[in-house]
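J.: Could you have a look at this structure, given as structure tokens, before my questions?
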Amino acid sequence: MQNSVVVFAGPCAVEDEEQVKQVCSCLKSLGLSWIRGGVFKPRLSPASFQGLGKNGLDILVSNAKSYGLKTITEVLDQDSLDVIYPAVDALQIGTRNMSNYSLLKAIGKKTADSKMPVLFKRGMSAKISEWLTASEYIKLAGNDNIILCERGVRTFEDSTRYTLDISAVPVVHKQSSHPVCVDVSHAAGNSCFVPDLARAAIAAGADALMLEIHPNPMSAKCDGMQQLNLDEFTQLIKELQVIAKSLGKKLV
Ligand code: PEP
Ligand code: MN
């Protein structure tokens, strides 16, 4: 990861085949190698769209394969772990599960042989020390291939959805040897702030970026406000390549 910045971009949630195809085609045309997409969604309200589950996973994985992209999706619980693990290239643990220690142990154990990358998001109210300590559950269960993902924390500030703790990048680099990802979309909550925060994340030394993108954000089934459309994303990636290059890195 040393000379690269990995981009985990894709829709908040997989919605249908056409959406995933369009996103895959855009990612491929930019020379990127991963697609993200939620299929088991942790939603605040049980009345909100919960994701397409196994059906969504099949749509994500089959299209990613035909475009030669790798896949990452969120594991919500032990049942979804069993379904997701055999199908994807990396697992995501969401902010709401940072302290779900039995799930962390189960994921560490399941991936102990394969050492599949685990993207481990910071709890929205967790100190960096608590987040790093929690990551030990995954490591002690057998897998230390962990990417730590800052995604914004709760503060008194409500101009953005969460407050992106950009300091987390250098602090984690100082205190751990794991790569650091910055999820700018969930921190911003509004796509208009995403480009500046993404530039800041790369400049601060992030090893990876997470970005939510959608062919038509206004019609998205979740997190529409914060998703970039594919033209905005294309423009942003071109700009970020320049910053990455100045640091001797390349977006992949
Ligand atoms: C997501 O990445 O889709 C997600 C739900 O993120 P978070 O866990 O950071 O809210
Ligand atoms: Mn989302």
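J.: Within the bounds of segment 16-30, is there any residue that is within 13 Å of ligand 1 (Cβ to nearest atom) and either in a strand (DSSP E or B) or not small (Gly, Ala, Ser) (or both)?
T.: So far as segment 16-30 goes, no, none of its residues is within 13 Å of ligand 1 (Cβ to nearest atom) and either in a strand (DSSP E or B) or not small (Gly, Ala, Ser) (or both).
J.: Also, I was wondering about something else. Of all residues being touching a residue at least 60 places away in the same chain (Cβ under 8 Å) and outside any strand (DSSP E or B) in segment 3-15, which is farthest from ligand 1 (Cβ to nearest atom)? Just the residue, please.
T.: Ranking the qualifying residues of segment 3-15, first place goes to Asn3.
J.: Assuming Val184 fulfils every condition listed in (1) in contact with a Gly (Cβ under 8 Å, 6 or more places away or on another chain); (2) crowded, with 24+ Cβ neighbours inside 10 Å; (3) of a type in the set (Val, Ile, Thr) apart from one, which condition is it?
T.: Going through the list (1) in contact with a Gly (Cβ under 8 Å, 6 or more places away or on another chain); (2) crowded, with 24+ Cβ neighbours inside 10 Å; (3) of a type in the set (Val, Ile, Thr), Val184 breaks only (1).
J.: Could you pull out every one of the strands (runs of 3 or more DSSP E) wholly within segment 69-138 that has 3 or more residues that are among the aliphatic types (A, V, I, L, M) and closer than 23 Å to Val7 by Cβ?
T.: Per the criteria, 90-93.
J.: Starting from segment 70-98, keep only residues that are at pLDDT 95 or above and among the small types (Gly, Ala, Ser), then list their pairs with residues that are more than 9 Å from ligand 1 (Cβ to nearest atom) and assigned to a loop (DSSP other than H, G, I, E, B) whose Cβ atoms are within a distance under 7 Å, requiring at least 6 positions of separation or different chains.
T.: Ser80/Phe40; Ala90/Met116; Ala90/Pro117
J.: Hey, among the residues in segment 1-51 that are within 16 Å of ligand 2 (Cβ to nearest atom) and of a type in the set (S, T, N, Q), which one's surrounded by the fewest Cβ atoms within 10 Å (Cβ to Cβ)?
T.: Ser45
J.: What number of residues within segment 189-220 are within 17 Å of Gly94 (Cβ to Cβ) and within 12 Å of ligand 1 (Cβ to nearest atom)?
T.: 4
J.: Can you tell me which residue in segment 190-236 is farthest from Lys121 (Cα to Cα), limited to those that are surrounded by fewer than 22 Cβ atoms within 10 Å (Cβ to Cβ) and touching a Phe, Trp or Tyr at 6+ places or on another chain (Cβ under 7 Å)?
T.: So, considering only residues that are surrounded by fewer than 22 Cβ atoms within 10 Å (Cβ to Cβ) and touching a Phe, Trp or Tyr at 6+ places or on another chain (Cβ under 7 Å), the one farthest from Lys121 (Cα to Cα) is Lys221.
J.: Scan Lys110, Lys127, Lys121 and give me the residue that is in contact with a helix residue (DSSP H, G or I) (Cβ under 8 Å, 6 or more places away or on another chain) and farther than 30 Å from Lys238 by Cβ.
T.: The unique qualifying residue is Lys110.
J.: Working carefully through the options Asp77, Asp82, find the one that is within 16 Å of ligand 1 (Cβ to nearest atom) and acidic (Asp, Glu).
T.: Answer to the selection: Asp77.
J.: Let me ask something else about it. Can you tell me which residue is farthest from Arg43 (Cα to Cα) among those in segment 225-250 that are in contact (Cβ under 8 Å) with a residue 60 or more places away in the chain, part of a helix (DSSP H, G or I) and within 16 Å of ligand 2 (Cβ to nearest atom)?
T.: Phe233
The values are calculated or read from the model by the stated rules, or taken from the named source; none is laboratory data. The structure displayed is predicted, hence computed values, not measured ones. Cβ: placed from backbone, ideal geometry, glycine included. Neighbour counts: every protein chain shown.
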